Each structure stands twice: as structure tokens, then as C-alpha cells.
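To start, the structure under review is shown below, and the notes come after it.
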Amino acid sequence: MVRHAARTSQWGVDMTSRRFGWAARLVLAGTMVTAGTAGASMSLQVDLPALARRSTSVVHAHVIDVRSAWNDQRTFIFTFVTLRVEEKFRGESPETVVVRVPGGRVGDFVAEMDGAPQFSLGEEIVAFLASWDDGTPMVAGYQQGLSRVEKDVLGNRILHGGKADGMPISELARAVGLIGQ
């Protein structure tokens, strides 16, 4: 699909569509102010210990499903990411958890929020988890709370992205396990 040039609001919301005209995007952008403001307050820069303390759990997981849908009011799109938890480094978590991320794609309509974490089906990740006000799981600190697991030339699992960027997964597990004890 060819994307139109995107315009991003001061809250980091980027909405593009081939099917919807500029007036529809303007109306939808206006309804997004509340959601955008809430997201902006959660993307403040924090250090790793503060991020861990703000999280209810820190998990090593695999992404097993990614799907996007409109919210009930049809004012914004969210992506729902299903994680199969392999290890819990801090806190409690079910074996499978579905996190809600702002933004996504439904048909020809795309909503993006700066700083929102991006997931791909099948990837191995470490996520700092918290909850939205309604109790739905989310990634704490947005992009800061998500790292991808990759192997280096020696086979060590190293984290890429987020506040744990460059750390071996074993070092992060020890570090977050000691925070708050």
C-alpha cells in the first residue's frame, strides 16, 4: 500500500488513510487528544531500576499473535499482542498474556503513536509489563520497556532496544530480580 505523507500531532499520533478524507482524519485526531495525552505521560525517560519498579512483572517471552482492532467507541486502533511467557524475571505473570499497545492497522486505516512498542510475530522479547487504568496489560515505558533477544557470535542472548539495550539476558534477569529487595 502506498502511504500518504503522515502528519504527527504534538501527542505523537499519526493517522493516515486512503479511504478517509482529511476531514475524517481531523475529527478522529480530535477524539484522540485524551488517549494521546495519557500515552505521553507514560513515555518519560526513566532508568532501568525505575522502569522495573513501575512494572508489575518483567518477562522473557515469544510473540505468538499480533492483531489490531478499533476500540469500542471506534475512535482509536489498538494492537493486541499475545505473549507466551518463557521466564519471569520479576513479579507474577500468567503463561500467556495479551498486552494492549496504542496504534495499529485495520483495513486501510493506520494509527501510530510515537514511542509505542512494535512487535512482530515469532520474535523473542523481554518486556516490562504494567497495566492500563482498566487493568489490561501494557508495556511499561512503551519502547523503553521492550527489548528483542538476539544471539551474538558466541551464542549469548543479548538484548536489543529499550532500556536493557546491549545487556545479556542473564544480566538483566539478575538486575531486575535484585531491585526492591
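The values are calculated or read from the model by the stated rules, or taken from the named source; none is laboratory data. On a predicted model such as this, the values are computed, not experimentally measured, just so you know. Here the Cβ is made from the backbone with ideal geometry for all residues, glycine too, and neighbour counts use every protein chain on show.
Annotations
- Enumeration of residues in the stretch 89-102 that are more than 22 Å from Ala175 (Cα to Cα) and either in contact (Cβ under 8 Å) with a residue 60 or more places away in the chain or among the aliphatic types (A, V, I, L, M) (or both): Val97, Val98, Val99, Val101, Pro102
- Of residues in the stretch 99-118 being more than 12 Å from Ala140 (Cα to Cα) and surrounded by 22 or more Cβ atoms within 10 Å (Cβ to Cβ), the one modelled with the lowest pLDDT: Met113
- Answer from Glu86, Glu92 - the residue that is at pLDDT 95 or above, touching a strand residue (DSSP E or B) at 6+ places or on another chain (Cβ under 9 Å), farther than 14 Å from Leu121 by Cα and of a type in the set (Asp, Glu): Glu86
- Listed by position, the strands (runs of 3 or more DSSP E) contained in the stretch 124-181 that have at least 1 residues being buried (at least 17 other Cβ atoms within 10 Å of the Cβ) and hydroxyl-bearing (Ser, Thr, Tyr) are 146-151.
- In the stretch 51-70, the residues that are free of Cβ contacts under 8 Å to residues at least 40 places away in the same chain form Cβ pairs under 8 Å with partners that are surrounded by 15 or more Cβ atoms within 10 Å (Cβ to Cβ) and hydroxyl-bearing (Ser, Thr, Tyr), at six or more places apart or across chains, as follows: Arg67/Thr79; Ser68/Thr79.
- Residue match in the stretch 79-99 (condition: of a type in the set (Phe, Trp, Tyr) and within 13 Å of the chain's Cα centre (by Cα)): yes
- Checking the stretch 11-31 against the condition returns no match, with no residue being at pLDDT below 95, touching a helix residue (DSSP H, G or I) at 6+ places or on another chain (Cβ under 9 Å), outside any loop (DSSP other than H, G, I, E, B) and within 21 Å of Val126 (Cβ to Cβ).
- Scanning the stretch 98-128 for residues that are closer than 16 Å to Val85 by Cβ and β-branched (Val, Ile, Thr) gives Val98, Val99, Ile125, Val126.
- Selection of the stretch 133-161 for residues being touching a helix residue (DSSP H, G or I) at 6+ places or on another chain (Cβ under 9 Å) and over 18 Å from Val66 (Cβ atoms) yields Asp133, Ala140, Gly141, Gln144, Asn156, Arg157, Ile158, Leu159.
- Filter result for Val59 (under 30 Å from Arg174 (Cα atoms), of a type outside the set (Gly, Ala, Ser) and modelled with pLDDT under 90): no
- Residues of the stretch 55-101 that are in a loop (DSSP other than H, G, I, E, B) and not hydroxyl-bearing (Ser, Thr, Tyr): Asn71, Asp72, Gln73, Arg74, Phe76, Glu92, Pro94, Glu95.
- Condition met for Met42 (surrounded by 16 or more Cβ atoms within 10 Å (Cβ to Cβ), within 14 Å of the chain's Cα centre (by Cα) and modelled with pLDDT under 70): yes
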